[in-house]
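The values are calculated or read from the model by the stated rules, or taken from the named source; none is laboratory data. Fair warning: this is a prediction, and the values are worked out from it, not measured in the lab. Glycine gets a Cβ as well: all are built from the backbone with ideal geometry, and neighbour counts include every protein chain shown. SASA here: full protein model, heavy atoms, side chains in, ligands and nucleic acids out. Shrake-Rupley method; radii C 1.70, N 1.55, O 1.52, S 1.80 Å.
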Amino acid sequence: QQQVKQSPQSLIVQKGGISIINCAYENTAFDYFPWYQQFPGKGPALLIAIRPDVSEKKEGRFTISFNKSAKQFSLHIMDSQPGDSATYFCAASKEAGANNLFFGTGTRLTVIP
Amino acid sequence: GEEVAQTPKHLVRGEGQKAKLYCAPIKGHSYVFWYQQVLKNEFKFLISFQNENVFDETGMPKERFSAKCLPNSPCSLEIQATKLEDSAVYFCASSRYGELFFGEGSRLTVL
């Protein structure tokens, strides 16, 4: 059973455009929702994370929107750049850092120059 | 160290052979996690440790997989009698509390 559902599977965006990736979860005990960026041949690296006490978190061009009642969260990448081309994973866990992360299935983002 | 170090980067085994992977977590991090990433990019949690103690092993196929984190040694993940379906990239991650830091992975190919 997939604990975290992610869409779309792939996304192509023009340079300067907005990339939006969506995730949904079922377990209301989750209290930590990170997004990871993974380049080919590398391990995933934390991009940005949010806890359910806020509805939005912004770091530079990256924003997480969180809807607790709908059990959904999304990543927005503003002014998308070719260097953002990577696979993005949403994830969720209870007690960040202690318990295992449940990952979404990934979104392969391609930003066209 | 300041990064999670995984060895080897690549490992090729014939079906039925043993495979052993190593992970040195970031110094000071008390949690270590092992994940398996298969071709479709999905991450499967295998096992986690709090220091040298197993914290959560709900993802481990126990009949062939084993793992250890002993004091003053790299953590290890061992697969006895590898099968074709064990071909994957195995990631180790560590944390103190909060963010998980991942290594670059060990790619296991079973022929």
Checklist (1) under 27 Å from residue A:108 (Cα atoms); (2) open to solvent by 10 Å² or more (accessible area, probe 1.4 Å) applied to residue B:81, failing item: (1)
What number of residues within region B:29-45 are surrounded by fewer than 22 Cβ atoms within 10 Å (Cβ to Cβ), in a strand (DSSP E or B) and of a type in the set (A, V, I, L, M)? 0
Working carefully through the options B:99, B:42, B:3, B:15, find the one that is touching a residue at least 60 places away in the same chain (Cβ under 8 Å), within 11 Å of another protein chain (Cβ to nearest Cβ) and more than 14 Å from the chain's Cα centre (by Cα). B:3
If we keep just the residues of region B:55-86 that are within 14 Å of chain A (Cβ to nearest Cβ) and in contact (Cβ under 8 Å) with a residue 12 or more places away in the chain, which is farthest from residue A:99 (Cα to Cα)? B:67
Only strands (runs of 3 or more DSSP E) wholly contained in region B:53-111 count here; list those with 3 or more residues that are under 15 Å from residue B:19 (Cβ atoms). B:65-68, B:75-79, B:88-95, B:106-110
The listed residue being touching a residue at least 12 places away in the same chain (Cβ under 8 Å), touching a Pro at 6+ places or on another chain (Cβ under 9 Å) and not in a strand (DSSP E or B), out of A:96, A:92: A:96
Residue A:7 vs. criteria open to solvent by 10 Å² or more (accessible area, probe 1.4 Å), more than 30 Å from residue B:107 (Cα to Cα), at pLDDT 95 or above and under 14 Å from the mean Cα position of the chain (by Cα): no
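Residues checked against (1) within 15 Å of the chain's Cα centre (by Cα); (2) at pLDDT 95 or above; (3) closer than 30 Å to residue B:7 by Cβ:
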{"site": "A:20", "(1), (2), (3)": "yes, yes, no"}
{"site": "A:28", "(1), (2), (3)": "no, no, no"}
{"site": "A:35", "(1), (2), (3)": "yes, yes, yes"}
{"site": "A:52", "(1), (2), (3)": "yes, no, no"}
{"site": "A:65", "(1), (2), (3)": "yes, yes, no"}
{"site": "A:77", "(1), (2), (3)": "yes, yes, no"}
{"site": "A:91", "(1), (2), (3)": "yes, yes, yes"}
